[in-house]
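What follows is a set of notes on a single structure, which appears directly below.
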Amino acid sequence: MDYISTRDASQTPASFSDILLGGLAPDGGLYLPSHYPQVDDATLTEWRSILNSQGYAALAAQVLKLFISDIPPSDIERICARAYTYPKFSEPEIVPVTELEPGMYIGHLSMGPTAAFKDMAMQLLGELFEYELARRGETLNILGATSGDTGSAAEYAMRGRPGISVFMLTPAGRMTPFQQAQMFGLQDDNIHNIALDGVFDDCQDVVKAVSADLEFKQSHFIGAVNSINWARLVAQVVYYISCWIRTTDTNDQRVSFSVPTGNFGDICAGHIAKSMGIPIDRLIVATNENDVLDEFFRTGTYRVRNSAETLETSSPSMDISRASNFERFIFDLLGRDATRITELFGEKVKTGGFTLVDDPAFSEAAASYGFLSGRSTHANRVATIHDCYKRLGVLVDPHTADGIYVARELRNKIQTPIVCLETALPVKFSETILEAIGEEPEMPERFKDIMNAPRRVKPLPNNVDLVKEFIHNNV
């Protein structure tokens, strides 16, 4: 399997191991497989049997083997077996699926060590990084940005690993106290937290700017764990397949997914799974008040916002107005035209965005690719949390509530069961939970001391050069 950049018209191939450590392509594009492997009925039957008899890790290995040709299959199996274990994940199924109400399910992605769906990819990424660095005899300095859960998941996956350091940018004061405690409480020498004066998009811009400085990137061995890294997306493809299997009895049954998303990474994995031939019906993009993605799927216009226009909401991990992974989908939507992608994302996004309203391809977003979208407000998510808890006995976090609310709003347009993908445990957002149900969520035993840990974080202004200086002084 070869990989190509969304902005490389010549489609120069790269290997999985090379893009694993590099993250962003040198031309500023994002990597995708040169083609999506196609699965048939026999493969689906085999995967169903593997999940039911051998478990999630074995299924993950089978899926990854389709996308990785430069790591021996037996090593992939061992990597997955180390990544997806119980009790590192608090449920033996790794990703249980439960019924919320008739025709609607929850895919529980928050069983990992940081109680967020990001663990699903990060635990695998940590194993892949350690394996490949040891194979090459190299080191890696991971630079990332987080609006909430990516940072803690990355740091818990990489802490203490030889040859790896993590530099994680967070928007100062824009994460919940629990999220800050998870990250800033880590005392490992290879973990470096930076609180940037700005919003998540500013943090993401700094990561991209540093990665675009090829001399600095190469001399400081900079890699990425944000969802610009393809390995994270391919890891997420697995739980779409797992949730489909756990929600169906036969291969001719289709399932829809409602996905809370700000950066388009989580739902992009669903797009890839559907493109492979997994029987997925509709992919529902659920946003909060920062609704740049909902606006696109409704109108055909991708209108990015600046920092001042990015709202601070009660589902903060989606407080994003420039969705990095969106470029991957538009690349597919426009027939993999790298020249157009370079124009749209390399130029027009920098000046406010672009529109495809008059492009025939836009209608394909819903027709062929299955996308629908909607948005949720603070009042919507609080009411949804209240209803799920008081009426159904299920407590969900604010982001998952966004997904449930939008799925309910679109229910009459969909004829298949809907799996709402959970993003985090409610304990990470206790203030909103308290408002919704009148009491704080129960603290899981494994997190009972987390709020009392000392903090280790470096505040910095929104300045690329100062971030580079900090990295240089701490590698």
Residues of the stretch 76-118 being touching a residue at least 24 places away in the same chain (Cβ under 8 Å), open to solvent by 30 Å² or more (accessible area, probe 1.4 Å) and in a helix (DSSP H, G or I), in sequence order, are Ala81, Arg82
Would you mind telling me which numbered condition in (1) touching a Leu at 6+ places or on another chain (Cβ under 8 Å); (2) more than 25 Å from Glu46 (Cβ to Cβ); (3) of a type in the set (Phe, Trp, Tyr) Tyr239 fails? (2)
Taking the criterion of being within 25 Å of Gln179 (Cβ to Cβ), in contact with a Leu (Cβ under 8 Å, 6 or more places away or on another chain) and not hydrophobic (A, V, I, L, M, F, W, C), would at least one residue in the stretch 306-320 satisfy it? yes
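Residue by residue, here is whether (1) in contact with a Phe, Trp or Tyr (Cβ under 7 Å, 6 or more places away or on another chain); (2) modelled with pLDDT under 95; (3) aromatic (Phe, Trp, Tyr) holds:
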position: Asp249; (1), (2), (3): no, no, no
position: Gly262; (1), (2), (3): no, yes, no
position: His271; (1), (2), (3): yes, no, no
position: Ser275; (1), (2), (3): yes, no, no
position: Leu283; (1), (2), (3): yes, no, no
position: Thr287; (1), (2), (3): no, no, no
Which numbered condition trips up Asp387, out of (1) surrounded by fewer than 16 Cβ atoms within 10 Å (Cβ to Cβ); (2) over 24 Å from the mean Cα position of the chain (by Cα)? (1)
Of all residues being open to solvent by less than 50 Å² (accessible area, probe 1.4 Å) and among the polar types (S, T, N, Q) in the stretch 300-317, which is nearest to Ile341 (Cα to Cα)? Just the residue, please. Thr301
Got a sec? Which helices (runs of 4 or more DSSP H) wholly within the stretch 318-379 have at least 2 residues that are open to solvent by 70 Å² or more (accessible area, probe 1.4 Å) and modelled with pLDDT of 95 or more? 338-343
Please determine whether any residue of the stretch 411-420 is farther than 26 Å from Ile94 by Cβ and in contact with a Lys or Arg (Cβ under 6 Å, 6 or more places away or on another chain). yes
Taking the stretch 441-475 on its own, how many of its residues are among the basic types (Lys, Arg) and either outside any loop (DSSP other than H, G, I, E, B) or in contact with a Gly (Cβ under 6 Å, 6 or more places away or on another chain) (or both)? 3
Taking the stretch 263-298 as the region of interest, how many residues are farther than 18 Å from Met104 by Cβ, open to solvent by less than 10 Å² (accessible area, probe 1.4 Å) and among the small types (Gly, Ala, Ser)? 3
Residues of the stretch 57-75 satisfying the condition of being of a type in the set (Gly, Ala, Ser) and in a helix (DSSP H, G or I): Ala57, Ala58, Ala60, Ala61, Ser74
Tell me yes or no: at least one residue of the stretch 401-410 is more than 17 Å from Ala116 (Cβ to Cβ), part of a loop (DSSP other than H, G, I, E, B) and within 24 Å of the chain's Cα centre (by Cα). yes
Residues located in the stretch 415-426, provided they are more than 9 Å from Thr400 (Cβ to Cβ) and open to solvent by less than 10 Å² (accessible area, probe 1.4 Å): Ile418, Val419
Does Thr400 count as of a type in the set (S, T, N, Q), farther than 17 Å from Ile267 by Cβ and buried (at least 22 other Cβ atoms within 10 Å of the Cβ)? no
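A quick yes/no check of all residues on (1) polar (S, T, N, Q); (2) more than 15 Å from Ile418 (Cα to Cα):
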| site | (1), (2) |
| --- | --- |
| Tyr239 | no, no |
| Thr250 | yes, yes |
| Ser258 | yes, no |
| Gly265 | no, yes |
| Ala273 | no, yes |
| Asp281 | no, no |
Restricting the search to the stretch 211-222, which residues are surrounded by fewer than 23 Cβ atoms within 10 Å (Cβ to Cβ) and either of a type in the set (Phe, Trp, Tyr) or not in a helix (DSSP H, G or I) (or both)? Asp213, Phe216, His220, Phe221
Criterion (open to solvent by less than 20 Å² (accessible area, probe 1.4 Å), modelled with pLDDT of 95 or more, aliphatic (A, V, I, L, M) and in contact with a helix residue (DSSP H, G or I) (Cβ under 6 Å, 6 or more places away or on another chain)) met by exactly one of Ile50, Ile4, Ile19: Ile50
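The values are calculated or read from the model by the stated rules, or taken from the named source; none is laboratory data. Here the structure is a predicted model, which means the values were calculated and not measured. So basically every Cβ, Gly included, is an ideal-geometry build from the backbone, and we count neighbours across all protein chains shown. Note: accessible area is taken over every heavy atom of the protein model, side chains too, but ligands, DNA and RNA are not part of it. Shrake-Rupley method; radii C 1.70, N 1.55, O 1.52, S 1.80 Å.
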